[in-house]
Amino acid sequence: VDLLLSNHLKRLPVTGKDGQLVGMLSRLDILTIVRHETPDWGAFQAQAISVANRRCVGDITRRDTYTVLPETTVDTVLQLISRNDIQQVAVVNTEGALVGVIADSDLLRFFLPKPAGIRSLFAQLSHSLQPDSSQKLQVPADATARDIMRTDMPTIRDQASVEEAIGLMIEQRLKRLPVIDDQGCFQGMISRESLLRTGFGQQNKPE
């Protein structure tokens with residue numbers, strides 16, 4: 001866990017004594033083991049910030065998550081994801097309620113299936129996008145976040161327990177989970193990394 005977190009890795013190669021690769025260990029693997037094989041919630045609770053006698057999702061939510069309005073253009077979403085090296089944005093209405101999410105993987109399906117189009121996409125995700133990038137999409141130039149966002153995403157309340165969040169992320173194999181309050185307003189995201197930092201006493205290190 002220390003190696004994964006200190007090096008910001010999603011997966012860690014595992015080798016034998018002879019140096020040969022024998023497998024990969026992921027954040028999800030560790031969370032699954034913690035929950036299903038050797039559940040030691042004392043390790044998590046030892047780091048607890050007590051809210052009504054339980055650790056809450058709101059305590060570990062990352063609040064600096066990017067948001068866009070449903071009317072935001074697809075081109076703007078592409079540029080936001082590319083220029084800020086992020087994998088997902090939340091779509092909220094003018095009252096701040098979560099109405100959808102857009103991940104970088106969601107955008108892939110809108111690019112032309114020609115090799116040149118795919119190469120162009122990865123080049124754009126590595127550099128600043130050009131203003132006319134929407135022309136390479138299989139959607140109208142004036143397409144908006146509303147047209148491509150996913151609305152069936154799982155969410156969790158900010159007062160839910162960390163144990164509940166871990167269970168949901170494992171069962172649905174989620175890398176990130178949107179957090180909302182009782183009114184449905186978007187509060188931020190939690191990630192596998194934030195859960196590991198919480199459980200293993202590294203929540204004060206930057207993500």
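The values are calculated or read from the model by the stated rules, or taken from the named source; none is laboratory data. Being a predicted model, the structure only gives us computed values, none of them experimental. Here the Cβ positions follow ideal geometry from the backbone for every residue, glycine too, while neighbour counts run over all protein chains shown. Protein only, heavy atoms only, side chains kept; ligands, DNA and RNA dropped before computing areas. Shrake-Rupley method; radii C 1.70, N 1.55, O 1.52, S 1.80 Å.
Quick notes
- Test for Val162: is it farther than 21 Å from Val92 by Cβ, among the aliphatic types (A, V, I, L, M) and either at pLDDT 85 or above or open to solvent by less than 40 Å² (accessible area, probe 1.4 Å) (or both): yes
- Qualifying residue in region 68-75 (condition: open to solvent by 60 Å² or more (accessible area, probe 1.4 Å), among the aliphatic types (A, V, I, L, M) and under 13 Å from Thr144 (Cβ atoms)): yes
- Residue within region 174-185 that is open to solvent by 70 Å² or more (accessible area, probe 1.4 Å), modelled with pLDDT under 90, closer than 17 Å to Gln88 by Cα and within 13 Å of the chain's Cα centre (by Cα) present: yes
- Only one of the numbered conditions (1) modelled with pLDDT under 85; (2) under 20 Å from Ile166 (Cβ atoms); (3) not aliphatic (A, V, I, L, M) is not met by Asn84, and that is (2).
- Options Leu137, Leu112, Leu121, Leu195: the member that is at pLDDT below 90, closer than 22 Å to Glu71 by Cβ and surrounded by 13 or more Cβ atoms within 10 Å (Cβ to Cβ): Leu137
- For first residues located in region 9-24 and modelled with pLDDT of 90 or more, partners that are in a loop (DSSP other than H, G, I, E, B) and open to solvent by less than 60 Å² (accessible area, probe 1.4 Å) and lie 6+ apart or on another chain with Cβ distances below 9 Å form the pairs Val22/Gly16.
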